[in-house]
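Here is the structure we will look at.
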Amino acid sequence: MTRLAIREMPPAEDDRGDAGSEDVRTIVAEGRRGLLHRDGRIVLLNPALLHELGFRRDDDLRGLAFTSFWSFEDRDAVAQAVDAAGDDARTLRLDLRYHSGRDETRDVVFRRAPVEAYTLVELRDGPTG
């Protein structure tokens with residue numbers, strides 16, 4: 001039984017643009033973002049996202065499964081969210097204690113990236129209270 005709640009969210013207006021020729025590094029330059037292959041393997045995580053997850057800027061996580069950032073019992077739900085990511089974003093809660101040791105949670109949003117065959121992942125502050 002999973003503890004995760006998956007919420008559908010409309011895409012933000014700034015994420016609707018045509019980016020057919022956009023460089024993948026430009027897509028993840030802002031915020032705490034990364035790109036995944038459609039199967040959930042990491043393509044690129046920007047330094048801000050790496051830091052929030054408890055890694056160093058030069059840690060190379062390419063090819064690893066993004067599901068490994070959650071506890072084992074939650075990984076199936078994460079894989080389903082990555083698989084279902086499209087124009088309607090999927091949002092999951094991530095407990096940062098698992099990797100960074102901090103007693104905090106963040107929302108992780110998955111949506112289709114503006115470059116074909118990739119999923120955009122973005123870490124956002126979770127609700128307070």
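What follows draws every value from the coordinates through simple rules; no lab data is involved. Since the structure is predicted, the reported quantities are computational estimates derived from the model, not experimental observations. When we count neighbours, we look across all protein chains shown, and the Cβ atoms used for this are built from the backbone with ideal geometry, even at glycine.
A few points about this structure:
- Dipole magnitude for the stretch 23-125: computed about the Cα centre from +1 point charges on Lys and Arg Cβ and -1 point charges on Asp and Glu Cβ, it is near 180 debye.
- What the Cβ-Cβ distance of Arg62 and Asp107 gives, at R0 = 25 Å and to the nearest 0.05, is a FRET efficiency of 0.60.
- Taking amide H as placed 1.01 Å from N in the peptide plane, the amide H of Arg93 sits under 5 Å from that of Ala5, Val108, each at least 5 places away or on another chain.
- Working note: Debye formula, equal point scatterers on the alpha-carbon atoms of the stretch 23-125, no solvent; log10 I(q)/I(0) at q = 0.12 Å⁻¹ is -0.33.
- Of the residues Val121, Asn46, Val78, the one whose Cα sits farthest toward the positive end of the charge dipole of the stretch 23-125, with +1 on the Cβ of Lys and Arg and -1 on the Cβ of Asp and Glu, is Asn46.
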